[in-house]
1. Taking the alpha-carbon set of chain B, what are its Rg and Dmax in Å?
2. Give the long-range amide H neighbours of B:Leu307: residues separated by 5 or more places, or on another chain, with amide H under 5 Å away, using H modelled in the peptide plane at 1.01 Å from N.
3. Taking only protein heavy atoms and a 1.4 Å probe, what accessible area per residue, in Å², does the range B:139-419 have with all protein chains in place?
4. Specify which residue in the list A:Gly289, A:Thr357, A:Pro319 is farthest towards the positive end of the charge dipole of the range A:252-383, using unit charges on the beta carbon of Lys, Arg (+1) and Asp, Glu (-1), about the Cα centre.
5. Excluding ligands, DNA and RNA, what is the accessible area buried between chains B and A, summed over both sides, using a 1.4 Å probe, to the nearest 100 Å²?
6. Under 8 Å for C-alpha pairs, at least 6 residues apart: give me the relative contact order for chain A, rounded to a whole percent.
7. For the range B:48-86, state which residues have at least 20 Å² less accessible area in the presence of all protein chains than in their chain by itself, taking the probe as 1.4 Å and leaving out ligands, DNA and RNA.
8. When DSSP assigns beta bridges and you keep just the ones with both residues in the protein assembly as shown, what percent turn out antiparallel, to the nearest 5?
There are 2 protein chains.
Amino acid sequence: MASEQQGERLRASYWVETPLKAEDAAAILAGEQSTGTFVAVPGETEDLKIRHAARVERVEELETVAEPSLPGSRPAGGPYRRARVEVSWPIENFGYNLPAILSTVQGNLFEIAQFSGLRLLDIDFPASFAERFPGPRRGVAGTRELTGAHKGPLIGTIIKPSVGLKPEATAAMVGQLAEAGIDFVKDDELMANPPHAPFNERVDAVMRVINDHADRTGKRVMFAFNVTDEHDAMLRHYDKVVESGGTCAMVSLHSVGLTGAKRLAEQGDLAVHGHRNGWGMLTRHPVIGADYVPYIKLWRLAGVDQLHVNGVANKFWEPDDSVVRSIEACHAPLLGQQNAALPVVSSGQWGGQAFETYRRTGTLDLLYQAGGGVMAHPGGPAAGVRALRQAWDAAAAGLSLAEAAEANQEFRQSVERFGDAETKKQVFGEPSS
Amino acid sequence: MASEQQGERLRASYWVETPLKAEDAAAILAGEQSTGTFVAVPGETEDLKIRHAARVERVEELETVAEPSLPGSRPAGGPYRRARVEVSWPIENFGYNLPAILSTVQGNLFEIAQFSGLRLLDIDFPASFAERFPGPRRGVAGTRELTGAHKGPLIGTIIKPSVGLKPEATAAMVGQLAEAGIDFVKDDELMANPPHAPFNERVDAVMRVINDHADRTGKRVMFAFNVTDEHDAMLRHYDKVVESGGTCAMVSLHSVGLTGAKRLAEQGDLAVHGHRNGWGMLTRHPVIGADYVPYIKLWRLAGVDQLHVNGVANKFWEPDDSVVRSIEACHAPLLGQQNAALPVVSSGQWGGQAFETYRRTGTLDLLYQAGGGVMAHPGGPAAGVRALRQAWDAAAAGLSLAEAAEANQEFRQSVERFGDAETKKQVFGEPSS
């Protein structure tokens, strides 16, 4: 390790709840995740501790509560103190090994009885990581280049039903969507390489349609084929997409881990679409798990180009504030990476959310993915795609949703079809009866 | 897919909490994870539903609660109903693709607003999986063979401090442990391939000692080298261990996922030691995440030979009942697999827990891992190892802890050094002052 990197430290911040004093709990965290042992052992010298011990950088006490939030906490009896804690590690402890870093910042921490609540809030990587982790090869800029979609959000949709369609039926749907002017289509995470729609046959059928459309129009629709599978099969799937003229591979991040995601990104030919299914297990309960921001950083370091972030006013559980933070974290400068990750906005999106999404984030660098909003538009998919572009153009021009609906027939139809009662009232006034 | 496999279904069971009727919530779960769409689409035909829809097999209603356990649940307002639910899928939906199965049984389920609590309890795989997933190549029997430890639990320990020791210091400790008669030693999960103890140098130093000891005594200590790293580096590490005469590779399961774990197990030369660091995030809160039993099945199908299960009366949060279920699930018949996985019992173990562990599980087919219990024994590591074997021999012979302490000097010293007040009172009577 070059001398200029010596002394560099990785930092992680946590929300904790503990029956101990907050600083004592923080010290346990630091000890367990570096040189500490429960019983002193001969090798645990002062010199070793100086070089390798994790350090508590900051403890900010918050409120106390009477009951522990997690079972199995010890010692028994409150009050349980909540705090924000920041800990740092010398990079000599793990080097440039992302999985080892994950074991360090999370590891067995959630098992520790002295925590009655624990949540990973953020990770800060030292400057020298920039050389080893160039980040997404495609990201926002590369995805725009591959699709020829240079202005506004990329408009995308997902093949539904999630499973059951045979390759030819999938391809027929892709043909319809390509004609409709879509930029991006994806497999559902449930659709991988099943007997009724084998991966290679699906690629052949879909890419015939996409290549034909590209030849005729110059527009190459990006299809995210779900390559998730056993390791070698996954690489074969990836190669099949490359050979067939495809531009994107989707992977279920939590099935392949940091190791698999980075391996796939290093192939370098396709944009890697990172699907976060399973993430809800790690994030939904506020007293355990992790925020998405540190995970976005890890996936970006691994080179993932496109990251699911849910959407404003989504059909899932997640609050808008959390979605906005995720979109920002995909774009935020990270170790001088040339490419931001492309946030994939989805879940119950139909265009109406464009206004609030733009107001909160101020960006058009995203993939806006609507299922029903495209396929179930009263005017058909082409009208659905137009409605989504109308919504974003209007939002970017500073118009309100009502003004956009007034000016654009297709978007007005979307409001009629998909808007909730309050939105319809804004646009159409009180219902007549 | 051969005709005899048609009609096979995979089953998963869940604990759920919902503001809806339990059967309606179960139907949403089944729909979201198979053919359901929020807005009807043209391809969602009756025929497709018959072939691919998930089916609710069973709903067992439990208690109701007034407040939702998870944030973001909708519709608002209680009561919130708890239930056990079993759902099945035709295997045509995913084939023999473990990651796709994970996306199917977990996927976006934890994001769904109609659940205010959700926990995966178990998975049952159809019979035809037996052919494709032979399970652990080494497991209990293979690990015994590789170590020559044919009777009683394998006795193991872990190198501490977790990080900071240079290869020669690590090797010196291994030498001491080998002389002490240990069967197994492992890297900490924090120790992978850091600048101060590069993987190859650590293997060279440690295997010199182990090979030398094997040449002199015929006993080959198993060292679990933590190969966790980027994918190609991980395979290089694995090969390095093989070339050097090693017998075991340890991997952080949650960093490499099912894909990486299976790829590693398929190499076939070494026992794969599966470390579950990070698992606490997924399991500690009872209203979200998963039990370990379905994960043990997944890791066994992926071929992992040795699985961490925590220990009875551990220093972590986990209750004994959960530990006992995990030990049993490592051994339970699974699709006719020839080898059970070897349960790795650890966390605060010093021998005293042998009695309750044996009483609850009735098995000696486990790896019993003690840190301080070996290294900090008053008589030194050799006495520490002897004490652990004495404890297990006594437990298997039906002796009590007090009888074992009476009959065995080293174990009596362990009780003095590591026992809690109650255990000491059992053995030594009331303290004199």
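1. Using the Cα atoms of chain B, the pair Rg, Dmax is 24.1, 83 Å.
2. Counting only residues 5 or more places away or on other chains, the set is B:Gly274, B:Leu342, B:Val344.
3. With all protein chains present, the range B:139-419 gives 29 Å² per residue.
4. Value computed over the given set: A:Gly289.
5. Details: alone 18670 and 18740 Å², together 29760 Å².
Chains B and A together bury roughly 7700 Å² of accessible area.
6. On the way: 861 pairs, mean separation 63.3, N = 433.
About 15 percent, as a whole number.
7. Listed in order, they are B:Leu48, B:Arg51, B:His52, B:Leu70, B:Pro71, B:Gly72, B:Arg74.
8. Numbers: 52 of 106 bridges.
Beta bridges within the protein assembly as shown, antiparallel portion: roughly 50 percent.
The values are calculated or read from the model by the stated rules, or taken from the named source; none is laboratory data. In this text the structure is predicted, and so the values were computed from the model without any measurement. So basically every Cβ, Gly included, is an ideal-geometry build from the backbone, and we count neighbours across all protein chains shown. What goes into the accessible areas is simple: the full protein's heavy atoms, side chains included, and nothing from ligands, DNA or RNA. Shrake-Rupley method; radii C 1.70, N 1.55, O 1.52, S 1.80 Å.
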